[in-house]
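Novice: Take this structure, written in structure tokens, and hold onto it; I'll ask about it next.
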Amino acid sequence: MSAKKQHHEKSIRARIPGVGGRAANVALTLAATLVLAVFATPSALAQTFRVTYRFRCPPDAEFPIGLVRDGVGDFYGNSGGGGNADSGTLFKLDHDLNFERVLYNFQGGNDLGSDSAIVRDAQGNFYGSSREGGGQGCHGFGCGTVFRISHASKRTLLHAFQDGQDGSDPVGGVIRDAAGNLYGTTQNGGDLTCGQGGRGCGTVFKITKAGKKTELHRFNGTDGDAPLAPVIRDAAGNLYGTTASGGGSGAGTVFKLASDGTETVLHSFKVDADGWGPLTGLVQDAAGNLYGTTSSGGNFNCLSPFGCGTVFQLSSAGTFTTLHIFDGSPSDGAIPSPLVLDTSGNVYGTTQVGGKFSASNCSSPPSGCGTVFKLDPSGKETILHNFTGLKDGQTPTASVIVDKRGNLFGIAPFSVDGKCNAGTVFKITP
């Protein structure tokens, strides 16, 4: 297994309680009074679930990371493994989610793929960031890169991070504005007086269409530490995001970075039933309300002493509301992934574990293979699918895509059916 593939699998496993990773290490350093709060989680499997494609052994893509859709309905994604060098791919599926072809094969070393979902422009170019690559520092292959892959499958290095104040570990991916500028975060670097061993608490950066990189913000611990997710951008040019730790209680923050560079902490999490440790980014509705997930907190009787996570809303007026607390039961999930909104105000997402238990197929400790869920505007949950880890996949970590008809499209990066454990693409029809 290639180093890139191993990193991708470990980065997913690290988010599951009991498996370890940085989030778990952060959790062990925090102290809090455990507050029990359980929400009812009704389940209704009235939808039709269908696996449209099953990834196979290299040179096919393996361990898919995310999906994007173009204007004519075709899908594109990236993978952490597979390809002719077994170091990841950029691939295309048609509008029926049938696999068409690998568009680019990452070669390993300094040519590493994105650790988050890629983004695509109207000309068919793709943009992403990799935690490693770009030199010899940090992890042996460099401190991370931002890159472009043209519609002709030519890769261009846009920036190689140098660690220190420049930042390192851009694990959250990038977003793109209408002018072609890219925005993202680095997990480490920036303010070197912050963080253990002077590693820095992370940054927010911008890369112009011309390739000039600018640091927009350095986190100092008090305002957050370790941004692991992409930012989002509103029409006024303000950026919003999360940090996995830091803030007043060390449990993470939601922040706003105004277009003039002013940073505001919109919410500082506590280690309590409202959730803590946000590992994913945010979505915003037309009224300016923000929605996100936490990886821990909520129901502290759930799977691990850290809790199973929550879905929250932060209103445009600053009011924080917990919309759902996951309990990890057969009728609910645990450890939610990124969210997506539809035009009616419904929230959709996946959970990495929980749901119907399938101990022989899924993560350790036995905890279920994950779910796809829906929350209506009142917070009522419906489980749309329980993964089994067999032919349908397991451990979904990416957001789903929802179309105007209410169809959902997504990926599960692992599947125990077949030699490669390579993952699936699925569609849910209402």
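The values are calculated or read from the model by the stated rules, or taken from the named source; none is laboratory data. Small disclaimer: the values here were computed from a predicted structure and weren't measured. Glycine also receives a Cβ, built like all others from the backbone with ideal geometry; neighbour counts cover every protein chain displayed.
Novice: Being over 19 Å from the mean Cα position of the chain (by Cα) and of a type in the set (Val, Ile, Thr) narrows it down to one residue among Thr253, Thr222; which is it?
Specialist: Thr222
Per-residue answers, yes or no, for (1) crowded, with 24+ Cβ neighbours inside 10 Å; (2) farther than 26 Å from Gln107 by Cα:
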site	(1), (2)
Ala160	no, no
Asp166	no, no
Asp169	yes, no
Gly190	yes, yes
Glu215	no, yes
Thr222	no, yes
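Let's see how each residue does on (1) of a type outside the set (Gly, Ala, Ser); (2) under 18 Å from Thr264 (Cβ atoms); (3) assigned to a strand (DSSP E or B):
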residue	(1), (2), (3)
Ile175	yes, no, yes
Ala179	no, no, no
Tyr183	yes, yes, yes
Cys194	yes, no, no
Leu216	yes, yes, yes
Thr222	yes, yes, no
Leu228	yes, no, no
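Novice: Can you tell me which residue among Ser87, Ser43 is buried (at least 16 other Cβ atoms within 10 Å of the Cβ), of a type in the set (Ser, Thr, Tyr), at pLDDT below 80 and in contact with a Ser or Thr (Cβ under 9 Å, 6 or more places away or on another chain)?
Specialist: Going through Ser87, Ser43 in turn, just one is buried (at least 16 other Cβ atoms within 10 Å of the Cβ), of a type in the set (Ser, Thr, Tyr), at pLDDT below 80 and in contact with a Ser or Thr (Cβ under 9 Å, 6 or more places away or on another chain): Ser43.
Novice: Being free of Cβ contacts under 8 Å to residues at least 40 places away in the same chain, farther than 14 Å from Gly135 by Cα and hydrophobic (A, V, I, L, M, F, W, C) is the filter here, so list the residues in the stretch 156-198 that pass it.
Specialist: Ala178, Ala179, Leu192, Cys194
Novice: Before we move on, is Asp260 at pLDDT below 95, of a type in the set (Asp, Glu) and under 22 Å from Tyr183 (Cβ atoms)?
Specialist: yes
Novice: While we're here: Does the stretch 112-127 include one or more residues that are among the polar types (S, T, N, Q), touching a strand residue (DSSP E or B) at 6+ places or on another chain (Cβ under 9 Å), under 20 Å from Asp169 (Cα atoms) and at pLDDT below 95?
Specialist: Within the stretch 112-127, one or more residues are among the polar types (S, T, N, Q), touching a strand residue (DSSP E or B) at 6+ places or on another chain (Cβ under 9 Å), under 20 Å from Asp169 (Cα atoms) and at pLDDT below 95.
Novice: Is it fair to say Asp274 is without any contact (Cβ under 8 Å) to a residue 60 or more places away in the chain and surrounded by 16 or more Cβ atoms within 10 Å (Cβ to Cβ)?
Specialist: yes
Novice: Going through Ser337, Ser315, Ser296 one at a time, which residue ends up being more than 30 Å from Gly237 (Cβ to Cβ) and among the hydroxyl-bearing types (Ser, Thr, Tyr)?
Specialist: Checking each option against the conditions leaves just Ser296.
Here's the yes/no breakdown for (1) of a type outside the set (Gly, Ala, Ser); (2) buried (at least 17 other Cβ atoms within 10 Å of the Cβ); (3) under 21 Å from the mean Cα position of the chain (by Cα):
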site	(1), (2), (3)
Gly73	no, no, no
Phe99	yes, yes, no
Gly108	no, yes, no
Gly113	no, yes, yes
Val119	yes, yes, yes
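Novice: If only one of Ser415, Ser367 is modelled with pLDDT under 90, more than 20 Å from the chain's Cα centre (by Cα) and crowded, with 21+ Cβ neighbours inside 10 Å, which one is it?
Specialist: Matching residue, one of Ser415, Ser367: Ser367.
Novice: Which of the residues spanning the stretch 136-149 are in contact with a strand residue (DSSP E or B) (Cβ under 7 Å, 6 or more places away or on another chain) and either surrounded by 12 or more Cβ atoms within 10 Å (Cβ to Cβ) or at pLDDT 90 or above (or both)?
Specialist: Correct list: Cys138, Gly142, Cys143, Gly144, Thr145, Val146, Phe147, Arg148, Ile149.
Novice: Right, another one. If a residue has to be touching a Gly at 6+ places or on another chain (Cβ under 8 Å), assigned to a loop (DSSP other than H, G, I, E, B) and among the polar types (S, T, N, Q) to count, how many in the stretch 237-296 make the cut?
Specialist: The qualifying residues number 3.
Novice: From the set of residues in the stretch 346-364 that are within 26 Å of Gly172 (Cα to Cα) and outside any strand (DSSP E or B), which is modelled with the lowest pLDDT?
Specialist: Ser364
Novice: What are the pairs, 6+ residues apart or on separate chains, where a residue within the stretch 233-251 that is touching a residue at least 60 places away in the same chain (Cβ under 8 Å) and surrounded by 22 or more Cβ atoms within 10 Å (Cβ to Cβ) has its Cβ under 7 Å from a residue that is basic (Lys, Arg) and assigned to a loop (DSSP other than H, G, I, E, B)?
Specialist: Ala251/Lys270
Novice: Kindly evaluate Thr321 against the criterion of being among the hydroxyl-bearing types (Ser, Thr, Tyr), without any contact (Cβ under 8 Å) to a residue 12 or more places away in the chain and more than 22 Å from Gln394 (Cα to Cα).
Specialist: Here the answer is yes, as Thr321 does meet what is asked.
Here is a yes/no grid of residues against (1) among the charged types (D, E, K, R); (2) out of contact with any Pro (no Cβ under 7 Å at 6 or more places or on another chain):
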| residue | (1), (2) |
| --- | --- |
| Gln187 | no, no |
| Gly190 | no, yes |
| Gln196 | no, yes |
| Gly200 | no, yes |
| Phe205 | no, yes |
| Thr208 | no, yes |
| Lys212 | yes, yes |
| Glu215 | yes, yes |
| Gly221 | no, yes |
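Novice: Related question: In the list Val231, Val271, Val265, which residue meets the criterion of being among the hydrophobic types (A, V, I, L, M, F, W, C) and closer than 24 Å to Ser116 by Cα?
Specialist: Result: Val231 is the single residue among Val231, Val271, Val265 that is among the hydrophobic types (A, V, I, L, M, F, W, C) and closer than 24 Å to Ser116 by Cα.
Novice: Further question: Report yes if Asp94 is out of contact with any Phe, Trp or Tyr (no Cβ under 7 Å at 6 or more places or on another chain), surrounded by fewer than 16 Cβ atoms within 10 Å (Cβ to Cβ) and among the acidic types (Asp, Glu), otherwise no.
Specialist: When the stated conditions are applied, Asp94 passes them.
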